[in-house]
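Down below is the structure, laid out as structure tokens.
The numbers here are math on the coordinates, done by the rules we state, and not lab data. Please read these numbers as outputs of a predicted model, since none were measured by experiment. Glycine gets a Cβ as well: all are built from the backbone with ideal geometry, and neighbour counts include every protein chain shown.
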Number of protein chains: 2
Amino acid sequence: MYDLLKGLTIVEAAAFIAGPTCGLYLAQFGAEVIRIDTLGGGPDFRRWPLAPNGESLYWEGLNKAKKSICIDLARPEGRELAQRLATAPGDERGLFVTNFPLEGFLSYERLKAKRDDVICVRVMGWADGRPALDYTINASVGVPWMTGFADDERPVNHTLPAWDFITGAYAAFSLVSAERARRNGAGGCEIRIPLSDIAATALANFGHLAEVLTTGRDRPRQGNDVYGAFGRDFAIRGGRRIMVVAITARQWRALLQTLDLETAIGALEGELGVSFAGHEAVRFEHREKLYPLFEAAFATRTTAELAPAFEAAGVCWSEYRTLSEAARDERLFAGNPVFGRADQPSGIDYPVPGSAATLIGKSRGGPTAAPKLGAHTDQVLAELLGLSGAEIGKLHDARIVA
Amino acid sequence: MYDLLKGLTIVEAAAFIAGPTCGLYLAQFGAEVIRIDTLGGGPDFRRWPLAPNGESLYWEGLNKAKKSICIDLARPEGRELAQRLATAPGDERGLFVTNFPLEGFLSYERLKAKRDDVICVRVMGWADGRPALDYTINASVGVPWMTGFADDERPVNHTLPAWDFITGAYAAFSLVSAERARRNGAGGCEIRIPLSDIAATALANFGHLAEVLTTGRDRPRQGNDVYGAFGRDFAIRGGRRIMVVAITARQWRALLQTLDLETAIGALEGELGVSFAGHEAVRFEHREKLYPLFEAAFATRTTAELAPAFEAAGVCWSEYRTLSEAARDERLFAGNPVFGRADQPSGIDYPVPGSAATLIGKSRGGPTAAPKLGAHTDQVLAELLGLSGAEIGKLHDARIVA
């Protein structure tokens, strides 16, 4: 953990990926992040994959480094407690992350009534409040019909919930930005981040929407080809596949050199009356003529031969690996300083990630485990709401908290 | 544009998606973001898709709302100017975003020598400095073998560069967090964000790494099925496909009700001795028995029949659409308050996105266009470096700037 955000206290009432990753990233940068967990946990508390002891590996990954107060959110007293936590007084409090519905006991209107300058970051499905998940938004915006091969009639979903992850990081960015503005006298606000708008803006931001509107048609499916450049997957000797991309002229030259293709490519350039050494799109336009040359060159080479030459020349490439193969890559996981050890609820000892960012000039503390539900109930009630031991005891007796 | 970050000046020297989206998000929240563009533009300046007038729809999407100073980065004087801009004095300056190499004229060491508390956010390929792109990192970490159908022998790339987009948002979060820490007296730092670590931590954060390490094997490819829940694509009457997901018990009940499947599902529960009304994973485990019932129910229904019932019941669903079909959805693009109009370099009038976040209680200004290369050269030299008109003239004469 780093301490960039130390002093900030964020309250989180969220399930699944977008909200919890927002809280996770804030916690990994040193903020105190307090989850409001309902009795027995929320809808994601036992999400697969599970550890042998029944704890969720999903939940404990997403909720590392946070505290947990356990409240019966089905009861009015519990809901009121949640509202008070989200709007706790103090310059560095009143910072709330949630995926609870727009209208309801955690609405902005209700929170603002308790604390006028509360900052509420609300991740959502559709902008108008209709429910959605990463997978349904993805279908909605056209990505499954862009993914995969032209010879397949089926749409292809992402297995990786990319929109959730983008939303979580963007939510963390939004919260810290709003806190800065509040400190400068701008007051609070609610920041609504719908998956639908994250997806719509992303596709527009890199020109895809404009392209479709101006050409009047969709880009055809192109398998593993990188659009507008030279990049695709190839089989190497032995049958494994690699992904290779040459974006810059320098990377292209390096690729030709490594594969001994300079002469053959020169001949093709002469035949077609083009130069592949300039704009990357020329290689894309003529890729059907380029690919056979590369396929033949790769088919006779192994990774052992290719890797050193590629690395020396700065070619962008990778073998296709499964996650279990990647898991054995020390540079990625077990030997990666980003990863460490923590006593997770599952009781399993595996490499646990800290922040994806590495700060030069700051010291990286080890990762911190996820909490057990309600591990910090009493502490949070005392510290954020100033409740006495007796008041806290009454809440436990009434089973409003656990 | 919102004004949460007004007052901050960020200098950006970056190409492609991760660095530029970081700058874009900062600009959309009101920071002044100044791109250092080399003469004629960088490697992404003419990236496809192009507009009829040759401008890149990709570049102008990613670089909206920024300023541009054009410097000959091939020359020592130009490089020194870039260093001075990145380290310009002032509390709200000395904030730099780049994807330039670790070692080189924009290394942290060189920048720190000019301004000790400079904050430098550096997006990277591999953590050790080796080059990589979204598509090669994706292959490296196992996602193409998780994506797609079990009956396909080919790995399936993402067309959407998800790692790039996550990295850009995370970079923006890191920058504002570090700026907060610096304002609190913590000094500066370099923040290195490799795509490789963004990917490795993401896969670990939602339990995938732990699962693979503890089970010793990869999750099998599962097409469009959502892991651990009830969710998949179905064909409806007329042949279109929809994606439907039921995560909570309430969503499950709503689905059964809408499709008149309560009796059939009840019978199946009796036959199998399970209840599908509880933990979502039970539906996942028995999905091969559930799917035929749903397939039959969907095959006789149209969107016109399903949509109102689904919406009323809060079911998570979507039709699979292409992007050109989605482009006609007013709620997503043209009628979406997130989008507006701007005079882009392409000269084409299309819906241009502002921030994906909507701030309640703040007013959203319209989106701002991308700059022409060097549109702000003189202004930036005067404002950030305090150069006089004569000094600026000399730089132009010597073609160090344009």
### Query
What does the average come to when, for each residue of peptide B:9-21, you count the partner chain Cβ atoms lying within 10 Å of its Cβ?
1
#### Entry: Antiparallel DSSP beta bridges within chain B, percent to nearest 5
40
### Query
When the dipole is taken about the Cα centre of chain A, and only Lys, Arg (+1) and Asp, Glu (-1) are charged at their Cβ, what size is it in debye, to the nearest 20?
580
### Task
Just the number, please: percent antiparallel of the DSSP beta bridges in the protein assembly as shown, rounded to the nearest 5.
45
### Query
Can you give the helix-only mean residue ellipticity at 222 nm for chain B, where every DSSP H stretch with n ≥ 4 adds -39500 (n - 2.57) and the sum goes over all residues, rounded to the nearest 500 deg cm²/dmol?
-11500 deg cm²/dmol
### Query
Across chain A, how many lysine pairs, 8 or more apart or on two chains, come within less than 21 Å at their alpha-carbon atoms?
8
### Task
Quick one: what are the phi-derived ³J(HN,Hα) couplings along region B:246-260, Karplus 6.51/-1.76/1.60 with θ = phi - 60°, whole Hz, x for glycine and proline?
10, 9, 8, 4, 5, 5, 4, 4, 4, 5, 4, 5, 4, 9, 6
### Summary
Shielding of B:241-248 by other chains, given as the mean Cβ count within 10 Å, works out to 5
### Message
Which residue fluctuates most in the GNM of chain B (Cα springs below 10 Å): B:Gln28, B:Gln83, B:Gln222?
### Response
B:Gln222
### Message
I want to verify a result. In a Gaussian network model of chain B, Cα cutoff 10 Å, which of these has the top mean-square fluctuation: B:Ala200, B:Ala235, B:Ala390?
### Response
B:Ala390
### Message
So the label point sits 7 Å from Cα along the Cα-to-Cβ vector; using that for B:Lys372, what distances do you get to the other copies, in nanometres, sorted shortest first?
### Response
6.7
## Note on the structure
at A:Pro308 the sorted inter-copy label distances (label 7 Å from Cα on Cβ side), in nanometres, are 7.2
### Query
Per residue of A:339-348, how many C-beta atoms from partner chains lie within 10 Å of its own C-beta, taken as a mean?
1
### Message
Looking at region A:1-103 only, what percent of DSSP beta bridges run antiparallel? Nearest 5 please.
### Response
10
### Message
With +1 on the Cβ of every Lys and Arg and -1 on the Cβ of every Asp and Glu, and nothing else charged, how large is the dipole of region B:244-377 about its Cα centre, in debye rounded to the nearest 20?
### Response
680
#### Entry: Rounded tilt (10° steps) of A:287-299 against the dominant C-alpha axis of chain A
90
### Task
Please report, in debye to the nearest 20, how large the charge dipole of the protein assembly as shown is about its Cα centre when each Lys and Arg carries +1 at its beta carbon and each Asp and Glu carries -1 there.
1000
### Task
Kindly express, to the nearest 10 degrees and within the range 0 to 90, the angle between helix B:195-205's C-alpha long axis and the longest C-alpha principal axis of chain B.
30
### Task
Among B:Ala169, B:Ala74, B:Ala264, determine the one that fluctuates most according to a GNM of chain B built with springs between C-alpha atoms less than 10 Å apart.
B:Ala264
### Message
Can you give me the angle between helix A:303-313 and the longest principal axis of chain A, using Cα atoms only, in degrees from 0 to 90, rounded to the nearest 10?
### Response
80
### Task
Would you tally the net charge around B:Asp117, using a Cβ to Cβ cut-off of less than 14 Å, leaving B:Asp117 out, and scoring K and R as +1, D and E as -1?
+3
